1. Looking at the structure I just gave you, is A94 surrounded by 15 or more Cβ atoms within 10 Å (Cβ to Cβ) and either β-branched (V, I, T) or assigned to a helix (DSSP H, G or I) (or both)?
2. Looking only at the stretch 255-284, filter to residues that are touching a helix residue (DSSP H, G or I) at 6+ places or on another chain (Cβ under 6 Å) and under 23 Å from T324 (Cβ atoms); which one of those is surrounded by the fewest Cβ atoms within 10 Å (Cβ to Cβ)?
3. Taking N133 as meeting all but one of (1) touching a strand residue (DSSP E or B) at 6+ places or on another chain (Cβ under 9 Å); (2) of a type in the set (S, T, N, Q); (3) surrounded by fewer than 24 Cβ atoms within 10 Å (Cβ to Cβ), write down the number of the exception.
4. Suppose we keep only residues that are at pLDDT 95 or above and touching a Ser or Thr at 6+ places or on another chain (Cβ under 9 Å) within the stretch 217-230. Which one would you say is surrounded by the most Cβ atoms within 10 Å (Cβ to Cβ)?
5. Can you tell me which residues in the stretch 258-269 are more than 14 Å from L190 (Cα to Cα) and free of Cβ contacts under 8 Å to residues at least 60 places away in the same chain?
6. Tell me, yes or no, whether the stretch 235-250 has at least one residue that is under 22 Å from K155 (Cα atoms), touching a residue at least 24 places away in the same chain (Cβ under 8 Å) and either of a type in the set (F, W, Y) or buried (at least 19 other Cβ atoms within 10 Å of the Cβ) (or both).
7. In the stretch 285-297, which residues are surrounded by 14 or more Cβ atoms within 10 Å (Cβ to Cβ) and either touching a Leu at 6+ places or on another chain (Cβ under 8 Å) or more than 24 Å from A218 (Cα to Cα) (or both)?
8. Checking the conditions here, which among Q159, Q110, Q165 is over 19 Å from F236 (Cβ atoms), touching a Lys or Arg at 6+ places or on another chain (Cβ under 6 Å), surrounded by fewer than 18 Cβ atoms within 10 Å (Cβ to Cβ) and free of Cβ contacts under 8 Å to residues at least 60 places away in the same chain?
Amino acid sequence: MPKQQTAELKPFFHNKTVLVTGGTGSIGSQIVKRLLLLTPKQVIVFSKDDSKQYVMSQKYAEDKRLLFVLGDVRDYRRVNQVMKGVDIVFHAAALKQVPTCEEHPFEAIQTNLIGGQNVVEAALSHRVQHVINISTDKAVSPVNTMGATKLLSEKLFHQANRHVQNRGTVFCSVRFGNVLGSRGSVIPILFEQMMEGEPLTITDKNMTRFFMSIDDAATLTLQSAAITKGGETFIFKMESLKLEELIHGFEEYASQHGLPRPAAVEVGKRPGEKLHEELTSPHEIESLYEWGNLYAILPEPEKHPDFRKVNLPGYQSDQAPLITKDRIAQIIEELHQEKKA
């Protein structure tokens, strides 16, 4: 995290108890890592993956501010237990894989909706100060189960600001695009295929996707906690990537590093996939504002005087600035170095 951002955020997080659901996942663990730079009193890592908890606890064995709690957001009793004494919640636990949610829709409902409602109710019960729900671009005009559950999850968290039992808890959401290097995302999968000499499998070469780094994702989430007044949806200004250009990037990388030039195989869109993603829906454009590297859908713009109104026809991945070839090469090289480490 840049020193300036650390200095700006430290007063907000100093001496606070912070809960991160899904805290051992790609995003959750990065949030935890960044939080430890901000002098919290305690960071509670809540997840159902005991193996990842063990590995992460060994990594941070010397940091006594970390508390690892095994549990599932589907279990209200456990969520309510872990929420006691918490000041800030980052809700990252979710089922995120589109094909998995298509095949098991009720499992997605139980985690993404019932689990989300459990977090809301426990936070209200314990008078948590701030709750940040992590959402996705797939929640906009959803065409798949995962997106539909995340859209409804956003509505649960936003409505919680007006809940009759709310005695001062502030709720907001952040919308991510695809996170570079996160578990199950396309670039690490293609990288493994290239290294194994297998064909690169893509759904459609014309498909575009919003991308952000894990570091950007954590920055957006932490910033949002510090500036929310309640009910906003914060969106990082993201670049887009066309799958055809990504394949060209892997071909060039293989050629430069003496690897066999990988073949590319189009397998067609999977059930529930869009050709292009959106980060705002048409009815949200009227409430779209910007500040620095953030867009925000603001229910009460007067509470955010630093944000200015944006006049965009929409925010779709085929219309956003494209990631450069040099950046694609850098991303692949970073993955290569991680594998060597």
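1. Here the answer is no, as A94 does not meet what is asked.
2. Filtering the stretch 255-284 for residues that are touching a helix residue (DSSP H, G or I) at 6+ places or on another chain (Cβ under 6 Å) and under 23 Å from T324 (Cβ atoms), the one surrounded by the fewest Cβ atoms within 10 Å (Cβ to Cβ) comes out as R261.
3. The number of the failed condition is (3).
4. Filtering the stretch 217-230 for residues that are at pLDDT 95 or above and touching a Ser or Thr at 6+ places or on another chain (Cβ under 9 Å), the one surrounded by the most Cβ atoms within 10 Å (Cβ to Cβ) comes out as S224.
5. G258, the sole residue that qualifies.
6. yes
7. I285, S287, L288, Y289, L294, Y295, A296, I297
8. The unique qualifying residue is Q110.
The values are calculated or read from the model by the stated rules, or taken from the named source; none is laboratory data. No experiment lies behind these values; they were computed from the predicted model shown. Don't worry about glycine lacking a Cβ; one is built from the backbone with ideal geometry, like all the others, and counts go over all protein chains shown.
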